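Comments concern the structure below.
The values are calculated or read from the model by the stated rules, or taken from the named source; none is laboratory data. None of these values were measured; they are calculated from a predicted model. Positions of Cβ are generated from backbone atoms using ideal geometry, with glycine treated the same way; all protein chains shown enter the neighbour counts. Side chains are part of the model used for accessible areas, which takes the heavy atoms of the whole protein and leaves out ligands, DNA and RNA. Shrake-Rupley method; radii C 1.70, N 1.55, O 1.52, S 1.80 Å.
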Amino acid sequence: MPFSPISSFRFLRVLLIFAFHAALLFLAPARADTIGPVAGDTAKETGETTSAPATPATPPEPSPESQEPGDAIAHALRQYHRGEYALALPVFLTQEARQYAEIHYRLGNMYALGLALPQDYGKALDHYVEAARRHDAAAMYSLGVIYDKGLGVKQNHTVAAEWYSAAAEHGDVRAMHNLGNLYAIGLGVGQDDVRARIWYQNAAAEGDAASMCSLGNMYRYGNGVPVNFSTAIKWYEHGAERNDTCSLLNLAWFYFRGWGTEQNLRKAVELDKAGALQGNPVAAFNLAGMYQYGLGTEEDAAAAWHWYNISAEKGYPPAMKQIALIYRQGLLGQEANEETAAQWQAKAQKAANTADQANPFASPAYGLEDNLPALSGKEKQPCKKEKQP
């Protein structure tokens, strides 16, 4: 039946009203603490029980990806990558620079880590959201970390998993590894060894050494796969080739025990030393023991004493306990001293009660500090950290 002029007018009016409301929704400024896979305020009230949509509800905005940043912005990006954050900041804050997702992402890093700016997780969240809405995978990963660790927001592993999923689908390898960790443990998602292994494999295929160690651990302990020491060793070897401390530590233990391979104490010493030189306190402790008892190397009291102290300085309770024993019995060339032994024993007990109980043979999750380019300590320009409300 043809429309009458009145019905046509009403139909046109409905269309205009719909278009007006749609424009309001599109143009309304979004709060940084409410944008994400789950609205921030809701997540704060309900925590882990909050349901989340399958993908982050962050409408993508057009980004000038087809345009090259101007010379000043490009120069500021180079300054940022050299660790010259204070020099890059004025350009990053310009309206022109803030057209780009990569600038919002870096401003998020600077606020989150207190680099040339007071540390402010709220402002970091705002900038990460702006970058994520422009399809920046690293920003999506960073939002996952914020909710995973509860940085300035209520910790919510469900929201973290959604952001990691979005970042992983955009190719962020760190998000793949962290998502694998959540599935392996069952945080924010149902515990699922198969999905964990898939994400670890995807990350390992992109060269992620931490995921190689995680895959080795799955075959070591039989998590979702049959126990297979030979396959575990292969994954540890791949990670060790990339100087991954988790892989070095596990591979050294396998050679020390002769699991899935012939026992090779000299090889265990070599691997433990590589891990110790990278600052791993467990590797340093194991290396000290090898020197003390002449396992895979000649006895060397000075070297043993050195590595026990290195391990203890990094807060490893067993190293502190061993130093207490050394002072109590006058070992490794040290004079017996019961008072000093008692002090070290107390330090060991205190450290054991307060230390992070994470498995030292497992790969930890990546964090926001992994967003930064590799810099020497002298190149970094941290701003004095301010207390958060």
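Placing a pseudo-label 7 Å from each Cα along the Cα-to-Cβ vector at Asp192 and Leu265 gives an inter-label distance of 4.7 nm. Each 10 Å bin from 0 upward holds the following percent of the Cα-Cα pairs of segment 241-330: 20, 49, 27, 4, 0. Computed on segment 197-251, with alpha-carbon pairs under 8 angstrom and 6+ residues apart, the relative contact order is 31 percent.
Mean sequence separation of contacting Cα pairs (under 8 Å, at least six apart), scaled by the length of segment 138-289, corresponds to a relative contact order of 12 percent.
Nonpolar atom fraction for segment 128-226, defined as the carbon and sulfur part of the 1.4 Å probe accessible area, stands at 46 percent.
Taking 28 Å as the limit for the C-alpha separation, the pairs Lys149/Lys350; Lys234/Lys321; Lys154/Lys321; Lys267/Lys314 exceed it in the case of Lys234/Lys321; Lys154/Lys321. The relative contact order of segment 105-201, computed from alpha carbon pairs under 8 Å that lie at least 6 residues apart in sequence, is 17 percent.
According to the Cα-based calculation, Rg over Rh for segment 105-184 is 0.97, with Rh computed by the Kirkwood formula. Stretching Asn353 away from Tyr221 to a fully extended chain increases their span by 44.8 nm, per 0.36 nm per residue minus the current alpha-carbon distance. Protection proxy ranking for 364-371, 298-305, using the average of other Cβ atoms within 10 Å per residue and placing the highest first: 364-371, 298-305.
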